[in-house]
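The values are calculated or read from the model by the stated rules, or taken from the named source; none is laboratory data. None of the values given here were measured: they were computed from a predicted structure. Quick reminder, even Gly has a Cβ in these numbers, built from the backbone with ideal geometry, and neighbours come from all protein chains shown. For the accessible areas, the whole protein counts, side chains as well, though only heavy atoms, and no ligand, DNA or RNA atoms are used. Shrake-Rupley method; radii C 1.70, N 1.55, O 1.52, S 1.80 Å.
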Amino acid sequence: MKWLSVLPQQCLLLMTCLLMALEAVPIDIDKTKVKGEGHVEGEKVENPDTGLYYDEYLRQVIDVLETDKHFREKLQTADIEEIKSGKLSRELDLVSHHVRTRLDELKRQEVARLRMLIKAKMDSVQDTGIDHQALLKQFEHLNHQNPDTFEPKDLDMLIKAATSDLENYDKTRHEEFKKYEMMKEHERREYLKTLDEEKRKREESKFEEMKKKHGDHPKVHHPGSKDQLKEVWEEADGLDPNEFDPKTFFKLHDVNNDGFLDEQELEALFTKELEKVYDPKNEEDDMVEMEEERLRMREHVMNEVDINKDRLVTLEEFLRATEKKEFLEPDSWETLDQQQLFTEDELKEFENHISQQEDELKKKAEELQKQKEELQRQHDQLQAQKLELQQVVKQMEQKKLQQGNPPAGPGGELKFQPPGEHKVGDAAKHPAGGDQPLPPGHVQEPAVRTDQVHA
């Protein structure tokens, strides 16, 4: 059985998901009575994204380790403390050479990816002289001091980082949702400030009407209660509610047949309840709130059923929960629309934080504007100097022409013709022996030699 066929978005996917000692009790189910297509034996079940920034690396390491028979056998007999303490990581020394070589390659690829992320981040702020080795220290899921080989320390760090990060994942999601809700209210109030009194009253009336419409929904069963599970049994599975059997229910909804109900399999059980409250076609229903509601339901069931807090529900834990009074007679379940998600003080603090951010952005924008204006001023100054120089050159050319000096060419060279390159006709204009041109109509007489006259 795959030791990590369940890679839940939350904790212990390298920890408690490894423990497959407990098998689900085999139960014969009449699949013909079940709506939809069941899980096919041997069919690969795609695990959801964990949300971690090293999710792909984590998955690849898991896939490679799973191919080693010795390591897989150790995982089946290991307990949680052995995994968390790092004892299991030391078994990495006994895996095959092929597995170690592949793990080395994966680690080098991950280090290269992280370096690219660091470089991209530094390039965005135009930083130079990046010390990758120092910056890699911020990543706690691998040993940065040895970027070329995958050692037991790397597996130990990966387990601990994934465990810690995923344990805080739900908390982070709750905080982000709370900020989302406060931002919605902040923007609504800011919009109302832009309206006149009459329009503001209409908007307020519409808002209250939508709230009332959203809250007008059928009763939501307590998550994990008998009524809630029987509704899934009847409406989703298509089985007779009078024949509800917890063992059969567990086997039916253990989609990947690993003997556990993981967090995704549990969340799938709440779809019918959520459909009572949320409809994507309705303007008043927010799908972000629906996912927060789903998360709250799953957390509640885990707190009630998951005895060893490994974020996985075994058949034994599930059956034990069905024997509790809360399973048969649960308290009513309050949906998000029945709760106060934040106080006025929290909203005020949130708005102050937004205001500070806006002020900082405004200051940066003003600084950029000043820089732009200074660059424009320097540009205009250079243009003026260029025009001034061009005017000076032009005046110098005119002065040379007035003084009779040959004008200069584009490159500053003098425009004159060297001796011997006079144009045709220049000899007629300048007779030999004289510097002045002959008068019009005058014919030059041939020169008479003195020795011819005396003869």
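Return yes or no: is Glu291 closer than 22 Å to Lys272 by Cα and open to solvent by 60 Å² or more (accessible area, probe 1.4 Å)? First the steps, then the outcome.
Working: closer than 22 Å to Lys272 by Cα: yes; open to solvent by 60 Å² or more (accessible area, probe 1.4 Å): yes.
Spelling it out, Glu291 is indeed closer than 22 Å to Lys272 by Cα and open to solvent by 60 Å² or more (accessible area, probe 1.4 Å).
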| note | Counting only helices (runs of 4 or more DSSP H) entirely within the stretch 154-246, those with at least 1 residues that are assigned by the TED database to the domain that holds Lys107 and within 25 Å of the chain's Cα centre (by Cα) are none
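Taking the conditions exactly as written (over 21 Å from Glu235 (Cβ atoms) and open to solvent by less than 10 Å² (accessible area, probe 1.4 Å)), does Asp286 satisfy them or not?
Values: over 21 Å from Glu235 (Cβ atoms): yes; open to solvent by less than 10 Å² (accessible area, probe 1.4 Å): no.
Criteria not met by Asp286.
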| field | Failed item in (1) closer than 22 Å to Leu295 by Cβ; (2) assigned by the TED database to the domain that holds Arg294, with Phe350 passing the rest | value | (2)
| note | Considering residues that are open to solvent by less than 80 Å² (accessible area, probe 1.4 Å) and within 21 Å of Val277 (Cβ to Cβ), the number found within the stretch 205-220 is 7
| Of all residues in the stretch 114-136 being surrounded by 13 or more Cβ atoms within 10 Å (Cβ to Cβ) and within 17 Å of Asp154 (Cα to Cα), the one that is modelled with the highest pLDDT | Leu114
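Per-residue answers, yes or no, for (1) under 27 Å from Ile307 (Cα atoms); (2) touching a Gly at 6+ places or on another chain (Cβ under 6 Å); (3) open to solvent by 30 Å² or more (accessible area, probe 1.4 Å); (4) modelled with pLDDT of 65 or more:
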residue	(1), (2), (3), (4)
Ala24	yes, yes, no, no
Ile27	yes, no, yes, no
Val40	no, no, yes, no
Asn47	yes, no, yes, no
Leu52	yes, no, no, yes
Leu92	no, no, no, yes
Ser96	no, no, yes, yes
Val99	no, no, no, yes
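So which of Thr322, Thr343 ends up being surrounded by 13 or more Cβ atoms within 10 Å (Cβ to Cβ) and hydroxyl-bearing (Ser, Thr, Tyr)?
Values: Thr343 fails: surrounded by 13 or more Cβ atoms within 10 Å (Cβ to Cβ).
Of the residues listed, the single one that is surrounded by 13 or more Cβ atoms within 10 Å (Cβ to Cβ) and hydroxyl-bearing (Ser, Thr, Tyr) is Thr322.
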| Any chance the stretch 294-307 includes a residue that's in a loop (DSSP other than H, G, I, E, B) and assigned by the TED database to the domain that holds Lys213? | yes
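Quick check on the stretch 223-273: of everything there that is at positive phi and open to solvent by 10 Å² or more (accessible area, probe 1.4 Å), which residue is modelled with the lowest pLDDT? Give the steps one after another, and end with the answer.
Within the stretch 223-273, the first condition is being at positive phi, and the residues that meet it are 224, 238, 257, 259.
Adding the requirement that they be open to solvent by 10 Å² or more (accessible area, probe 1.4 Å) leaves 224, 238, 257.
Working: Gly224: 93, Gly238: 93, Asn257: 87.
Per the criteria, the residue is Asn257.
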| Restricting attention to the stretch 166-204, which residues are open to solvent by less than 90 Å² (accessible area, probe 1.4 Å), in contact (Cβ under 8 Å) with a residue 60 or more places away in the chain and among the acidic types (Asp, Glu)? | Asp170, Glu181, Glu185
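Scanning the stretch 308-334 for residues that are part of a helix (DSSP H, G or I) and free of Cβ contacts under 8 Å to residues at least 60 places away in the same chain, which turns out farthest from Thr248 (Cα to Cα)? Talk me through it step by step, then tell me what you get.
Step one: list which residues in the stretch 308-334 are part of a helix (DSSP H, G or I), which gives 315-321, 325-328.
Keeping just the survivors that are free of Cβ contacts under 8 Å to residues at least 60 places away in the same chain gives 317, 320, 325.
On the way: Glu317: 14, Arg320: 15, Lys325: 21 Å.
Only one residue fits best here, namely Lys325.
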